Ligand code: FPP
């Protein structure tokens, strides 16, 4: 067995932008959907390892509000993978004991996929290791939707403008009750946030890695955690 790369405890919440599936497929002359299938396998591997390391929350960017611009074939392929994964997760629920949450506007997904998401959320409420799937998710969209709900509550007299604080705002986001991620990992060499967890990432440490998501291994995860521990988190203090 190999030595662990980092002996320090894992962060409580890790978020990942699962990027590079398309390039991984292209390098192998495979259709992009094959890259997403390999990305789904990487997700299983990494989710398993996160649990082993004691991570309580894992948030993954599975489909963004911008990803609808891709070909119909590619979108259908990603949705099929997610559907199959959720069916499997539902049948293994008692064995795996993972809580599922979905961040994003699910109303644009197929009724079947929406139903699977709802069932997965409802049936896993009592479990405490949690995976948050960002599906039809955009950070700006999340903030706009929260603002609309707050405005509606103010208009209806349920809330006073003076009561709006950072904490209250957080409670109107998809991530209500989930602590902010300490570490956000983006593989594939790209160095941008791509509209991911804009509010929640205010003080997150970003680790960018030059590996395509389907090739992301347990060792890469541990390297990212080791890099996180090297950072000196000051939260704006001196
Ligand atoms: C980004 O890579 C990846 C996505 C838009 C889709 C991610 C979806 C999965 C990993 C499958 C989900 C299924 C499960 C079970 C979690 P990209 O296509 O933008 O890659 P590129 O930048 O190389 O083109």
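The values are calculated or read from the model by the stated rules, or taken from the named source; none is laboratory data. Worth saying up front: this structure is predicted, and the values here are computed from it rather than measured. Here the Cβ is made from the backbone with ideal geometry for all residues, glycine too, and neighbour counts use every protein chain on show.
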Yes/no for residue 62 being modelled with pLDDT of 95 or more, touching a helix residue (DSSP H, G or I) at 6+ places or on another chain (Cβ under 7 Å) and either outside any helix (DSSP H, G or I) or within 7 Å of the ligand (Cβ to nearest atom) (or both) = yes
note = Only unsatisfied item for residue 97, checking (1) under 24 Å from residue 180 (Cα atoms); (2) within 13 Å of the ligand (Cβ to nearest atom), is (2)
task = At least 3 residues that are at pLDDT 95 or above and surrounded by 15 or more Cβ atoms within 10 Å (Cβ to Cβ) in each: list the helices (runs of 4 or more DSSP H) lying fully within the range 70-128 that qualify.
result = 72-91, 111-123
task = Among residues belonging to the range 1-25 that are crowded, with 21+ Cβ neighbours inside 10 Å and closer than 18 Å to residue 55 by Cα, point out the one that is modelled with the lowest pLDDT.
result = 10
request  = Just give me the residues in the range 161-190 being within 16 Å of the ligand (Cβ to nearest atom) and crowded, with 18+ Cβ neighbours inside 10 Å, in sequence order.
outcome  = 184, 185, 186, 187, 188
inquiry  = Looking at residue 48 and the list (1) within 13 Å of the ligand (Cβ to nearest atom); (2) in contact with a strand residue (DSSP E or B) (Cβ under 6 Å, 6 or more places away or on another chain); (3) farther than 15 Å from residue 214 by Cβ, which single condition is not satisfied?
reply    = (2)
query = Using beta carbons and a limit of 9 Å, which pairs, at least six apart or on different chains, have the first residue in the range 38-57 and farther than 12 Å from residue 216 by Cβ and free of Cβ contacts under 8 Å to residues at least 12 places away in the same chain and the second one within 11 Å of the ligand (Cβ to nearest atom) and in a strand (DSSP E or B)?
reply = none
message = For the range 7-30, give me each residue that is away from the ligand (no atom under 12 Å from the Cβ) and either within 13 Å of residue 42 (Cβ to Cβ) or in contact (Cβ under 8 Å) with a residue 40 or more places away in the chain (or both).
response = 8, 9, 10, 11, 12, 13, 14, 15
